[in-house]
Protein chains: 2
Amino acid sequence: MSGSTRSPTLADVAEAAGVSLSTASLSFSGNKPVSEATRARVLAAAARLGYAGPNPLARNLRQGRSGVVGIAVGPLSTAFRDPAALPMLDAVSEVLGAAGLGLLLMGDDHARLPLDAVIYDICGRETWAAYDDLAAREVPLVVVEGPDWPGTTFVDIDHRAGCAALAAHLHELGHRRVALLTLEPSHPQREREAGVRDVFPDAHVIGACASDLAAAQDLVAAYLATGPDVTAVVCQSDVQAAAVVIEARRLGLAVPDDLSVAGFDGVATPWLDVELTTVVQPLAAKGRAVADAVLRRIDGEDVDDVVLPVELRIGDSTGPAVEPA
Amino acid sequence: MSGSTRSPTLADVAEAAGVSLSTASLSFSGNKPVSEATRARVLAAAARLGYAGPNPLARNLRQGRSGVVGIAVGPLSTAFRDPAALPMLDAVSEVLGAAGLGLLLMGDDHARLPLDAVIYDICGRETWAAYDDLAAREVPLVVVEGPDWPGTTFVDIDHRAGCAALAAHLHELGHRRVALLTLEPSHPQREREAGVRDVFPDAHVIGACASDLAAAQDLVAAYLATGPDVTAVVCQSDVQAAAVVIEARRLGLAVPDDLSVAGFDGVATPWLDVELTTVVQPLAAKGRAVADAVLRRIDGEDVDDVVLPVELRIGDSTGPAVEPA
DNA sequence: CGTTTCGATCGAATCGATTCGATGCTAACG
DNA sequence: CGTTAGCATCGAATCGATTCGATCGAAACG
């Protein structure tokens, strides 16, 4: 049978089918019309030779595109532990997948891979070793929730307005002394804190941590143990808020009767038997906005920054303020 | 300044530096010695022209490798919601990243992307549209926990022994009537169930669902509402076990006093105030084994299948069997 | 019947590097 | 001083397709 020395190329197929290389190529790509008979002959020859279709590496070189979009999310277990990350990533993946593009998880290196565009989604990290290289290569860069590097398309949500609305809700309920559990310093963190301070300028900061339940629990347990003089805790994620609920209960504080707790994100927390009051961000829409921006930047368009609105959702974790006995 | 018509190529750099194309290439890749002076001249020329380094697409074609490994995990939000997926993925990503390889999330298509190898990690799905295409392209395939397709390297854990050990533990505690919450039919599911049945041949199957808390809660709530005659529930994941604990409590059943609950995986559940008795699988080691297999298959080696041992961890969620009052 | 048009096919250039084998030069050695 | 290594450099082939412009034939038209 056929020697297993080398896998067949399009040229082999063309020869076997008795057509030119260009016709064979056209038969596969369909970029120009080919008569049905010829096309059938080419495909038959391909099948006979065990040809699995045009080599993607060659096509990529010729077309100058790799079909791959990088996404930087930081260490995977950290990034995806945050339940807010997934619905967005799903939407990104769906839109890009429909466009035939693959999504590549980027570490800090990967400068040697051919990427058609890059999505930066590590809020909390404001410098990036790979940035200069990508800029030099003129790889389109879409940044989620900052930082707003030059040459970058920026997709964000209205952190400040959302937090301000949340704070206003607490104020209406009579709360005057609130504590704040924040994220590590970053664009979203600053905006969200500013939103809360629009209503409660003196809010006390408990501390900062990632959207990690265990880390938040540690921080909150220490704080609550001091018997702080507040009636509400505002968090910068639902996971943090869940930590507050869990630790408050552990100390015998009822939520919301003794303490109101608010989150951010609007993700599902089925393991918590309280529905959190929170700021719901449109995660899927954000993902689609990111993916759209990527597609348009790949097409060479200029794309404006995007800021998506958020929505206050009032749950069972906030209630009227009560003065400590 | 320089016309923005076309970005410079290695040939431009070579000419500007007054060396041959091959020498310029060698200056970047270091694949053969180049005198320090020449190298410096080439790099200087590159900097002057704004050359960002060799075009990865061209290198890929020449070398016949893309530097990208695909990983099929199913819908992202489903796959990564499972806490057992992340530590493994982290290990994979770390090892491959160190080898300069990128990790690409695969949907069902992506047949048109150049992949050096593919990892299949969707336990619960036993057919895959992309398989034939990958096989035709002779792309090395590493499969995690089945199915054991031909030409595939198979990395697994010893589900059956783990579950049997767990069941034996319950048997020792006096349990005789146990219920089983399973995953959707799949290789791991069958093995794990077999392990339990090695000890409890008559175990009653509550039902099957993914490692999804909400889904498991629904299933379990309905089951417990029937007042079943069992003293223990064995689950096929810790998330499922957590659902059982939560729902049992909701019905006023104490864990483990009224009901023993066991899981599988050994992942952290900080939002649960019980430490689950579970079968701990070596997630990071599994990830490293997968990545090693990938690297070796890319190098053309034959790689044997791998089965990793698991370990029983006894927590607070199992205790002596008590007969219902 | 001559001319135009249109679709199918082909030839050749091109994408941008890597790499093999050959060549030239210098230094070491007998 | 003649020869032999050995290192740096170079020229040319190669990876495997896509795509532009040209060509060829047949159908449509006047």
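The values are calculated or read from the model by the stated rules, or taken from the named source; none is laboratory data. All values reported here derive from a predicted model rather than from experimental measurement. Glycine also receives a Cβ, built like all others from the backbone with ideal geometry; neighbour counts cover every protein chain displayed. Ligands, DNA and RNA are stripped out before the accessible areas are found, and what is left, the full protein with its side chains, is counted by its heavy atoms. Shrake-Rupley method; radii C 1.70, N 1.55, O 1.52, S 1.80 Å.
Values as computed for the structure displayed
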{"item": "Near pairs, Cβ below 6 angstrom, 6+ apart or cross-chain, from the range A:151-173 (touching a residue at least 60 places away in the same chain (Cβ under 8 Å)) to any residue that is of a type in the set (Ser, Thr, Tyr) and part of a strand (DSSP E or B)", "result": "none"}
{"item": "First in the range A:245-259 and farther than 14 Å from A:Thr269 by Cβ, second anywhere and among the polar types (S, T, N, Q) and outside any loop (DSSP other than H, G, I, E, B), Cβ under 7 Å, 6 or more apart", "result": "A:Glu247/A:Gln217"}
{"item": "Subset of the range A:287-303 (residues that are surrounded by fewer than 23 Cβ atoms within 10 Å (Cβ to Cβ) and touching a residue at least 40 places away in the same chain (Cβ under 8 Å))", "result": "A:Arg288, A:Asp292, A:Leu295, A:Arg297, A:Ile298, A:Val303"}
{"item": "All positions within the range B:245-257 that are away from chain A (no Cβ under 12 Å) and either in contact with an Asp or Glu (Cβ under 9 Å, 6 or more places away or on another chain) or β-branched (Val, Ile, Thr) (or both)", "result": "B:Ala248, B:Gly252, B:Leu253, B:Val255, B:Pro256"}
{"item": "Residue count for the range B:80-114, restricted to those that are more than 7 Å from chain A (Cβ to nearest Cβ), in contact with a strand residue (DSSP E or B) (Cβ under 9 Å, 6 or more places away or on another chain) and open to solvent by 20 Å² or more (accessible area, probe 1.4 Å)", "result": "3"}
{"item": "The listed residue being surrounded by fewer than 20 Cβ atoms within 10 Å (Cβ to Cβ) and touching a strand residue (DSSP E or B) at 6+ places or on another chain (Cβ under 7 Å), out of A:Val196, A:Val205", "result": "A:Val205"}
{"item": "Options B:Gly67, B:Gly74, B:Gly50; residue that is at positive phi and open to solvent by 40 Å² or more (accessible area, probe 1.4 Å)", "result": "B:Gly50"}
{"item": "Matching residues in the range B:16-52 - criterion: being at the interface with chain A (Cβ under 8 Å from one of its Cβ atoms) and within 38 Å of the chain's Cα centre (by Cα)", "result": "B:Ala52"}
{"item": "Residue match in the range B:95-112 (condition: in the same structural domain as B:Pro147 (by TED's automatic domain parsing), basic (Lys, Arg), part of a loop (DSSP other than H, G, I, E, B) and within 11 Å of DNA strand D (Cβ to nearest atom))", "result": "yes"}
{"item": "Test: residue in the range B:7-21 that is away from DNA strand D (no atom under 11 Å from the Cβ) and modelled with pLDDT under 95", "result": "yes"}
{"item": "Residues located in the range B:267-286, provided they are away from chain A (no Cβ under 14 Å) and surrounded by fewer than 22 Cβ atoms within 10 Å (Cβ to Cβ)", "result": "B:Val280, B:Pro282, B:Ala285"}
{"item": "Tally of residues being closer than 23 Å to A:Val280 by Cα and either open to solvent by less than 10 Å² (accessible area, probe 1.4 Å) or without any contact (Cβ under 8 Å) to a residue 12 or more places away in the chain (or both) across the range A:221-244", "result": "13"}
{"item": "The listed residue being closer than 26 Å to A:Gly70 by Cβ, within 16 Å of DNA strand D (Cβ to nearest atom) and not in a loop (DSSP other than H, G, I, E, B), out of B:Ala46, B:Ala24", "result": "B:Ala46"}
{"item": "Residue that is nearest to DNA strand C (Cβ to nearest atom), among those in the range B:19-45 that are surrounded by 12 or more Cβ atoms within 10 Å (Cβ to Cβ) and either on the phi > 0 side of the Ramachandran plot or β-branched (Val, Ile, Thr) (or both)", "result": "B:Thr23"}
{"item": "So B:Phe154, is it under 19 Å from B:Gly319 (Cβ atoms) and open to solvent by less than 40 Å² (accessible area, probe 1.4 Å)", "result": "no"}
{"item": "Breaking point among (1) more than 14 Å from DNA strand D (Cβ to nearest atom); (2) charged (D, E, K, R); (3) modelled with pLDDT under 95; (4) more than 30 Å from the chain's Cα centre (by Cα), for A:Arg81", "result": "(4)"}
{"item": "In the range A:46-56, the residues that are without any contact (Cβ under 8 Å) to a residue 24 or more places away in the chain and within 13 Å of DNA strand C (Cβ to nearest atom)", "result": "A:Pro56"}
{"item": "Subset of the range B:57-92 [touching a residue at least 24 places away in the same chain (Cβ under 8 Å), among the small types (Gly, Ala, Ser) and not in a loop (DSSP other than H, G, I, E, B)]", "result": "B:Gly70, B:Ala72, B:Ala79, B:Ala85, B:Ala91"}
{"item": "Tabulated pairs, the range B:6-19, first closer than 9 Å to B:Ala46 by Cβ, second polar (S, T, N, Q) and within 12 Å of DNA strand D (Cβ to nearest atom), C-beta under 9 angstrom, 6+ apart or interchain", "result": "B:Leu10/B:Ser25; B:Leu10/B:Asn55; B:Val13/B:Ser27; B:Ala17/B:Thr23; B:Ala17/B:Ser27; B:Ala17/B:Thr38"}
{"item": "Residue selected from the range B:115-129 under the condition out of contact with any Gly (no Cβ under 9 Å at 6 or more places or on another chain) and open to solvent by 40 Å² or more (accessible area, probe 1.4 Å), by the criterion nearest to B:Ser211 (Cα to Cα)", "result": "B:Thr127"}
